[in-house]
1. Mind giving me the FRET efficiency for residue B:234 and residue A:267? R0 is 60 Å, r the Cβ-Cβ distance, nearest 0.05 is fine.
2. Give me the distance between the Cα centres of the stretch B:26-58 and the stretch A:22-66, rounded to whole Å.
3. Once you charge only the Cβ atoms, +1 for Lys and Arg and -1 for Asp and Glu, what is the size of the charge dipole of chain A about its Cα centre, to the nearest 20 debye?
4. Taking beta carbons within 10 Å but only from partner chains, what does the mean come to for residues B:232-245?
5. Over all pairs of distinct alpha carbons, what does the Kirkwood formula give as the hydrodynamic radius of the protein assembly as shown, in Å?
6. Scan the stretch A:1-48 for trypsin sites (Lys or Arg not before Pro) in coil per DSSP, keeping those whose Cβ has at most 13 other Cβ atoms within 10 Å, and list them by number.
7. May I ask you to list the GluC sites (Glu not before Pro) in the stretch B:101-198 that are in a DSSP loop and have at most 10 other Cβ atoms within 10 Å of their Cβ?
8. Rounded to the nearest 20 Debye, what is the dipole magnitude of the stretch A:253-364 about its Cα centre when Lys and Arg each give +1 and Asp and Glu each give -1 at the C-beta?
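Values quoted throughout were computed directly from the atomic coordinates according to the rules given, and no laboratory measurement underlies them. Just so you know, these numbers come straight off a predicted model, no measurement behind them. Every residue, glycine as well, gets a Cβ built from its backbone with ideal geometry; the counts of neighbours run over all protein chains shown.
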Amino acid sequence: MDKLQVTIMPEGLSVEVEKGSTLLDAANAAGITLKSSCGGQGTCGRCAVKVLEGTVNGGDGNMSKAKRAEGYILACTAKVEDGPVTVEFPESSRLSEHQVLLDDSLDEIIKESQVDDFEHSDEAFVKKVQVTMSEPNLMENVDDLSRLSAELKGILGTENITISYNALKTLPAKVREGNWQVTVTCLITDESAEVIRVEPGYVDTPPYGIALDIGTTTVVAALVDLATGKKLRQAGTFNRQAGMGDDVISRIVYTEEEKDGLKEIQDVVIETINDLLEELYAKENIGAEDVSAMMVAANTTMIHLFLGVEPMYIRREPYIPGVCDAPIIKAKELGLHIHEDGSVICFPSVASYVGGDIVSGALLTGIEKQDEFWLFLDIGTNGEMVLGNSDLLMCCACSAGPAFEGGGIAFGMRAMDGAIEKIVIDDEFNVSYATVGNAAPVGICGSGLIDCLSTLRTAGVINRQGKMQDISSDRMREGDEGPEFVLVYADETGIGKDIVITEADIENLIRAKAAVFAGIRIMLSKMELPLEAVSKILIGGGFGNYLNLNDSIRIGLLPDLPAELYSFIGNSSLKGAYMALLSRSVFKHSVELGQSMTYLELSDGNEFYDEYVQAMFLPHTDMSLFPSLED
Amino acid sequence: MAVQILKEKYAQPVRAFKLGNTAEEGGTRGYSLTVGGEGTLPFQHYEGENPNKPIVAMEVNSNKQLDWKDTLVDAIGKDVVADPAKWAQFNKEAGADAIYLKLDSADPDKGGDSPEACAQIAKDVLAAVDLPLIVAGSGNATVDEEVLMAVAEATKGEGLLLGFAETEHYKALVAACLGNGHGIIARSPLDINICKQLNILIGEMNMPMERIVIDPLVSSVGYGIEYAYSIMERGRIGALTGDKTLAMPLIATVGFEAWRQKEAWGTTEEYAEWGEQSQRGPAWEATTAAACLQGGVDILCMRHPDAVKTIKHQIDALMTK
């Protein structure tokens, strides 16, 4: 197969790709992630690039005329076929360093919750023990492994000791090097202990573990000292699968339509995770072999893609996942950069659209131990929620869509530098704004969109149906796709064109918020509970921390309840994973927790649709649900 | 021991709407009509108040190329339908409580009358009879806005009911009604949610809720009247149980719906097994109207004099306690 060279500017980076590859493939090969909401279908128009030298074939697809006139083409449809090319990947088409939720209140939240109820040390997944063996002689001639096992039985209190093949190979050398003193790393289960590492002499470094949250959008990892239960460091990045579609469905489609798609999409997430791990190791000055366990919380599709399990049946009626409760897998099987024999433990899922990330979040909240009714919401693409108390837990997923994460919005973006997160509109429809990192605006992020919706409504730019109004302002104009309102004029932006919000964007947002609110209403109605019976609402998800409560109620995303009932718990998925990583009994409890949640399928029956239609109004068709907003 | 009749206790009555202004009220109508105000489901006199009789507004259509079937036109008179003023007088004599003037001629395809010409037609009708008046546009959104504005201004103080406000365009009509003291018909396509949303949107322009009448866009007998009935019933129960955005009187364009169907106009020769058309047509319209009455409709917009006669007889019977 012919290899052709692609040089990427401004870096001047050269990569070789197979003839017929797209420029998007070239970007991936160079480790540059271009924006690609549609997963390379040529429909989102985000991966606009410029060819500086050489020629490519194709490059067509959805892009504004203006952009095309400037010489831009789409990387995902442009194929390299005629010799080397030099292309420019502009900043606006790349995913910049992602702002991922990395709050430091983690320990505080853990303290508030019940992790202290459990004795970590007796329940650890991994133990590192120092062993002194008697030296053999001609009379006492038992083999090395039996000698070690005998000692470990005494220390660990279990009869069933095994050893990994790799540890076994070097065991004779290690015990002698340490002069019959060794430090042994063991994976512990209720019935057995498996030796996976033998270090000569007494080593003081603790066993390490990783708590991992694989989100559809972001991946966050925390490095944990398993001896003390202390979180040492946390790192996050965007999930590079984003280049293969914005939501779980388009990712599944990718695995079906691309050759080796599943392998490819699995490799990409493993790479994403490994890079995060390397970052953590470098900063803490440890090695991959020091980390022996990983606890993974992710939605059902992400777990399938992470493990390489065929995901296609998740999106087909009757929506059956391949696996909910995955077995513990050795790291080497997945190519993860922790100890090769380390355990990779996945949080169990409830159903195709309520995953381990929700079980993990529910674990964190302690919802299953309450006398009163609590509601846990994860406002992401899938919009999962759990309602209940110690007697009963019900969960559902309302597929809000990616709007709150910037998907399907003309200038929507994730919460990166330059994302507008707040706007103010004065009487003359002048707009002022605040951006993430105080950078020049390049788009609008989820919290900004919620603020926008609320502010546009209050200022009279849109009516309660989300329709643009005839206002006397140049900012209101007819765009390519209907009416639009200019938030920032080109000269103030970081992208050289006006940042607008369109009527279609507003409609997408209203759909998203209606889905979440309808989900809440259905759960309450299925349990025959009045809203007032809910004594606490916990909001999780990477997005949860930035959400403005007043705006969210004003647009009818969240129920009209007093602010003191709401708690924002940030990345609940990661925090729950952290808790479970520390204790086998906590993990076992979370497996039971997942099994105790009753899954409510919203696509069954008309009720959800009816509630959804009612919620497609600002704040709601039934205004009596929002008494605090009445004049 | 006597049987105890169970009675439903409702939270609120439907709002009442007053159609037409007399001289004392600043208009020129011979009388005004109040509709709505029900405190219970239709005609459940044992349970609550039904203070106002449903009314019949007979249609006058300004369409120069009227496409009504001959059988219907013949019942009114060819010369009558050519002249809105004459037609209004005919309707009064046929027992109409009010006139429903449909300005189809505003549509460029049906005469293309200017807004001023349309306003003049409304004034002619007001001059011809002293009945309260309901006026609706042609249905062509591009011309109706200006036409209804002109009518609203020209008839200021008469207390008309103007339609149709729909979610896609309601603002101009609300403004026209608000400034000239008229009521407004809020039309939604058999959808409770859109109905409520439209009423909220209209209310937000400071239109008093007492001046809104709901048109749920009913259908005819044989063409889904059951669904229309269930939507009306659901809305009325919602209103009575406290939903302020649904507590308005209802209007239904019964004549338009019934006479679209071949069961109403199909000739005796063609559909012999259906019976005599001259009886079948009015019966079809009257039956549709009767179903609407049971759904809670307060204003019936009708066409055939015989159908009107029948339904008025039924209204009287239903209103007898």
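1. About 0.65, to the nearest 0.05.
2. With the stretch B:26-58 and the stretch A:22-66 each reduced to a Cα centre, they are spaced 67 Å.
3. Value, rounded to 20: 700 debye.
4. Values: counts 0, 0, 0, 0, 0, 0, 1, 0, 0, 0, 1, 4, 2, 4.
Other-chain Cβ atoms within 10 Å of each residue's Cβ, averaged: 1.
5. With all distinct Cα pairs of the protein assembly as shown included, I get 32.6 Å.
6. Of the trypsin sites (Lys or Arg not before Pro), the ones in loops of the stretch A:1-48 whose Cβ has at most 13 other Cβ atoms within 10 Å are A:19.
7. Details: sites: B:116, B:145, B:146, B:153, B:158, B:166, B:168; in loops: B:158, B:168.
Those satisfying the criteria are B:168.
8. Here the stretch A:253-364 has a charge dipole of around 400 debye.
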